[in-house]
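Trainee: First the structure, which I've put down as C-alpha cells, then a few questions once you've had a look.
The values are calculated or read from the model by the stated rules, or taken from the named source; none is laboratory data. Nothing here was measured: the structure is a model prediction, and the numbers come from that model. So basically every Cβ, Gly included, is an ideal-geometry build from the backbone, and we count neighbours across all protein chains shown.
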Amino acid sequence: MPRERKHSAIMFTDIVGYTALMGSDEDKAFEILSRNKEIHSKLIEKYNGTLIKEMGDGMLVSFDLASDAVYCAIEIQKECRDKEIPLKIGIHEGELVLEGTDVLGDAVNIASRLEADTNEGCIYISGSVYRDIKNKSDIQTKFVKEKRFKNVDEPIRVYQVLCEEKKESTKTNVNTNTKINRKKYPILLLTSIVVIITIAMVVWKLFSTNNSVETEKSIAVLPFKNLSSEEENQYFADGVMEGILNHLSKINDLRVASRTSVEKYRKSAVQSPQISKELNVSYLLEASVFKSENKIRVTAQLIDAKSDEHIWSGQYDRELKDVFAVMSDISQEVASEIKIIISPKVKNRIESIPTKNLKAYDFYLRANSLSKNRNYTDSVINLYKKAIELDTQFALAYLGLGTFIHSSIHDTAPSTSVYFDSSYGDTLIYYANKALSIDPELSEGYVLLGEYYFDIKGDFDKCIELGNKALELNPNNLNAIEGMAESFLQKGDFIKVFEYRNKLIERSIGTPQ
C-alpha cells in the first residue's frame, strides 16, 4: 500500500469529559457532539483544512499553513465557548505519513500529546508552530514550559495561544528610511512610556497583593560578599555573581530578579522573608568569594525565602582556571534543588567557557566594574580592548565594548573622544556582529544588534525579530524585553507595549534597567 508523506500543521481536538457525559446523559452528549462537528466542519473549510479522521469526540485535521491551523483553533474555541462545549486543542507542525486509513508520524503524536496536556478551553502549540506564527500581530501566545513527551526524543517547547477577542491595533506610519535618534523625541516617547508604566504598575500591584505572580520557581541572586584580603577584589566576586545570575536567567521555567533590583540589599540587614515579599521570589542565593593568587573558594547557600530555612549549601575550593566550572556547577545545583529540569541546549550554554585566557577575563571583569562610573570612560574602553587583544575570540569582550559605547553615546554623547572616530552605526553593528559570529547564542548580542536597527535604520520589525531571538535564548533578558516594548511603541501597537512593560516590571520588581 503506497505511503504519502507531507509536511503539515496538525490540529488535534477533543471534548473534555465526553465519555463520562455519555454514561450520565447520552442525549446531551450526542447534542454536544453534533454541535461540535458543525462548528469544526464550517471552520475547517474556512481555513483550508482537511479533516483526516474522527475519533469519537476527537478530530484530527491537517493544514498546509501553521497560521491557518492556529486561526482555525482560535475560532473553534470561541464558538465552542459560546455553545458551552468544553474543548481542548493541540497543534504541532511536522511530517505526516498517510497509509490507507492510517495516519502516522511525529506531527500526529505530538499534537495529540499537546491536546492531552492542555486544559479545557485552551490551545497548546509546539515550538515549531510558534516559530511560524510568532510575528502574527493578531495571534498572542505565552510560553508555558519545555516538556518531554513519551516516545518523543527531544523536549518540546509548549506555548499557549491566548484566545481573547482579537483587537485591532492602531498602526503608526513610520518612514524606515529615516535615521532614528531617540534623543530627538524624548517628550512623546517618555510620556507614552510613563503612562504605560503607570498603568502596568497599578495592575501589577493589584494582582501582586493577591499573589497572582507565580513565585514557586523564582529566585533572587543577592550580591556576593568579597572575603579576599584585597578589598578591590569585589569586582571579581561581582563577576562570579553575575555569571551565575546569567546562567540562571537562561532557564525557561525560572523567573530571576534583575541585578538592579537586588543591588539595594548589598549592605542591608533586611531578613529573607522581607526580601521575598519585596521581590516576590521564593528562593534566595547567597554566596561569598575568596580569591588568593591562583586559588578561589566560593561558598554558596540556597534559602527558602519565606521560611528563612537553608535548603542547600556548598563550598567550592578550586583553582582560578576552574572559575567557569564553579559558576556552572552552582547554577545547575540550584536548579536541581528547585526541581527545575534544564534542557540539553540550556545546559550546553551554561557549561560553555567564554575564554581560556584568565588575564583577558580579568580585564573584562574590571571593565564591567568600572563601566558603572562614567568618569572612567577611556579606562573602560582600554580594558575591554586589552581583553580582546589577549583573546580575539572572546565574544563577551566585544559585546561589552559595543554595549558600553552604545550606552555612553546615549547617556553622555562623548563625540569628541578619540575612541568614537568611526560612525556610531558602523561601530555598533561591528561589535554586535563580531560577538555573534563567535557566539551565536549570546542573547545580549541580539539586543545590541537591535539597537542598531532601532537607532540607525528605524526598522522596528527587525528589532522585534531580534528581540524574540534574544528572549528565546534568555527569557529573563530585561534589555530585550524593554527593547520589544520600545519597538512596539514605535509601531503603535499599545497592547504589546503594555504586555512587555508589564513583563519588565514583573521581572525587575519595579526597577527597570
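Trainee: Which ones in region 333-376 are at pLDDT below 90, assigned to a helix (DSSP H, G or I) and of a type in the set (D, E, K, R)?
Mentor: Selection gives R374 alone.
Trainee: Condition test on S34, is it polar (S, T, N, Q), modelled with pLDDT of 90 or more and either within 21 Å of G121 (Cβ to Cβ) or assigned to a helix (DSSP H, G or I) (or both)?
Mentor: The answer is no for S34.
Trainee: While we're looking at this one, here's another question. Which of the residues that make up region 303-320 are under 18 Å from Q274 (Cβ atoms), among the aliphatic types (A, V, I, L, M) and not in a loop (DSSP other than H, G, I, E, B)?
Mentor: I303 - this is the single residue of region 303-320 that is under 18 Å from Q274 (Cβ atoms), among the aliphatic types (A, V, I, L, M) and not in a loop (DSSP other than H, G, I, E, B).
Trainee: Right, next: If you check V289 against the conditions, is it aliphatic (A, V, I, L, M) and under 19 Å from the mean Cα position of the chain (by Cα)?
Mentor: no
Trainee: Right, another one. Among (1) within 23 Å of L478 (Cβ to Cβ); (2) among the charged types (D, E, K, R); (3) at pLDDT below 90; (4) surrounded by 14 or more Cβ atoms within 10 Å (Cβ to Cβ), which single condition is R266 missing?
Mentor: (4)
Trainee: Can you go through D317, D308, D304 and tell me which one is without any contact (Cβ under 8 Å) to a residue 60 or more places away in the chain, over 29 Å from E441 (Cα atoms), among the charged types (D, E, K, R) and surrounded by 15 or more Cβ atoms within 10 Å (Cβ to Cβ)?
Mentor: Matching residue, one of D317, D308, D304: D304.
Trainee: Condition (residue is among the polar types (S, T, N, Q) and within 24 Å of L504 (Cα to Cα)) applied to region 297-316: is it met by at least one residue?
Mentor: Checked against the condition, which is being among the polar types (S, T, N, Q) and within 24 Å of L504 (Cα to Cα), region 297-316 yields no hits at all.
Trainee: Is it the case that region 82-89 has a residue that's part of a helix (DSSP H, G or I), closer than 30 Å to C463 by Cα and among the charged types (D, E, K, R)?
Mentor: There is no residue in region 82-89 that is part of a helix (DSSP H, G or I), closer than 30 Å to C463 by Cα and among the charged types (D, E, K, R).
Trainee: Please find, among E337, E351, E286, the residue that is under 25 Å from E146 (Cα atoms) and touching a Leu at 6+ places or on another chain (Cβ under 8 Å).
Mentor: On inspection, the qualifying residue turns out to be E337.
Trainee: For S379, which of the numbered conditions (1) assigned to a helix (DSSP H, G or I); (2) hydroxyl-bearing (S, T, Y); (3) at pLDDT 95 or above fails to hold?
Mentor: Failing condition for S379: (3).
Trainee: Does region 53-79 hold any residues that are within 15 Å of S34 (Cα to Cα) and crowded, with 23+ Cβ neighbours inside 10 Å, and which are they?
Mentor: Within region 53-79, M59, I76 qualify.
Trainee: While we're here: Residue check, E93 against (1) among the charged types (D, E, K, R); (2) in a helix (DSSP H, G or I); (3) surrounded by 17 or more Cβ atoms within 10 Å (Cβ to Cβ), all met but one. Which one?
Mentor: Going through the list (1) among the charged types (D, E, K, R); (2) in a helix (DSSP H, G or I); (3) surrounded by 17 or more Cβ atoms within 10 Å (Cβ to Cβ), E93 breaks only (2).
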